[in-house]
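Only one structure is covered here, and it is reproduced in the block below.
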Amino acid sequence: MLAFTKMHGLGNDFVVVDSRGVAASLDEVHYRAIGDRRRGVGYDQFLTIEPASNGADAFMRIHNPDGTEAGACGNGTRCVASVLMAETGKPSVTVETIAGSLVCEDAGDGLVSVDMGPAGLAWDKIPLAHEVDTLSVALDDAPYTGACCVDMGNPHAVFFVEDAEAIALADVGPVIEHHAMFPERTNVEFVQVLSPTQLRMRVWERSAGITQACGSGACATAVAAVRRGLAERETEVILDGGSLRLAWRDDGHVIMTGPVATSFAGEIDLSRIGR
């Protein structure tokens, strides 16, 4: 049996498995079956807590519902950090990921902050298919063009629009995700500027589709808005599931603050997952 906890940050939901004691042996079939929202548990990302190798409090491995591994998950990091802080009683923990080590803090009132590290702005860091100014990236034969592209441990293409609610996200999201400009595919954000300190964002996540919230996407959105001269360095990003506070510091690091919640816990009989 595989014990798990179902958690979420603003509706961005996760299956969290602690694999520090007994390692969980899962493959793509398991991730796909558990991620099925009708026949499985359902999740935006599957998070496995593993022993850290660099002095961090724990290592967090991230899988998408299609079984692919991801490098970053901001809301998921905050959820795992809340587990580690409750376990240790520490007000601050470090979560190691394949994209780097992230320092997280208890921000009070049920909120957790995470230092997502510096935003990557170079075309080959994101990565893009060829050298281009990442402030405005032309996308040939795409329904939208002029993306501001940002790396937050995973790739993001941010589009500023007059009305984020009017975007047919289910139609245009997968087209842009798989565009030839993005060799590793991309997350897609459509953003409406409500004020210099308030942005409305909707997201199509790479491999997951439309989600209620995306922490790394909110970080990319805040960075892109500042780069375009549309927002201040401290701003609120309003997602379908609620709001996150973002700060793009002068040293390039992006700090994200928001709530975390536990939905339920359970066990999965892996022997019942068909092949």
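The values are calculated or read from the model by the stated rules, or taken from the named source; none is laboratory data. Since the structure is predicted, the reported quantities are computational estimates derived from the model, not experimental observations. Don't worry about glycine lacking a Cβ; one is built from the backbone with ideal geometry, like all the others, and counts go over all protein chains shown. Side chains included, ligands, DNA and RNA excluded: accessible areas come from the protein's heavy atoms. Shrake-Rupley method; radii C 1.70, N 1.55, O 1.52, S 1.80 Å.
What to note about this one:
- Exclusive hit being part of a strand (DSSP E or B), of a type in the set (S, T, N, Q), buried (at least 24 other Cβ atoms within 10 Å of the Cβ) and modelled with pLDDT of 95 or more, set 221, 235: 235
- Qualifying position, being touching a residue at least 12 places away in the same chain (Cβ under 8 Å), in a loop (DSSP other than H, G, I, E, B) and small (Gly, Ala, Ser), among 170, 107, 129: 129
- Test: residue in region 238-255 that is part of a strand (DSSP E or B), within 22 Å of residue 167 (Cα to Cα), of a type in the set (Ser, Thr, Tyr) and within 16 Å of the chain's Cα centre (by Cα): yes
Condition check ((1) in a strand (DSSP E or B); (2) touching a helix residue (DSSP H, G or I) at 6+ places or on another chain (Cβ under 7 Å)) across all residues:
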position	(1), (2)
4	yes, no
7	yes, yes
22	no, no
25	no, no
42	no, yes
56	no, no
65	no, yes
72	no, yes
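- Members of region 106-129 that are hydrophobic (A, V, I, L, M, F, W, C) and surrounded by 17 or more Cβ atoms within 10 Å (Cβ to Cβ): 107, 112, 114, 116, 119, 121, 123, 126, 128
- All of (1) within 27 Å of residue 109 (Cβ to Cβ); (2) of a type outside the set (Phe, Trp, Tyr); (3) over 19 Å from the mean Cα position of the chain (by Cα) hold for residue 261 with one exception: (3).
- Identity of the residue in region 173-204, open to solvent by 10 Å² or more (accessible area, probe 1.4 Å) and assigned to a strand (DSSP E or B), that ends up farthest from residue 243 (Cα to Cα): 204
- Within the set 83, 103, 93, the sole residue that is open to solvent by 60 Å² or more (accessible area, probe 1.4 Å) and touching a strand residue (DSSP E or B) at 6+ places or on another chain (Cβ under 9 Å) turns out to be 103.
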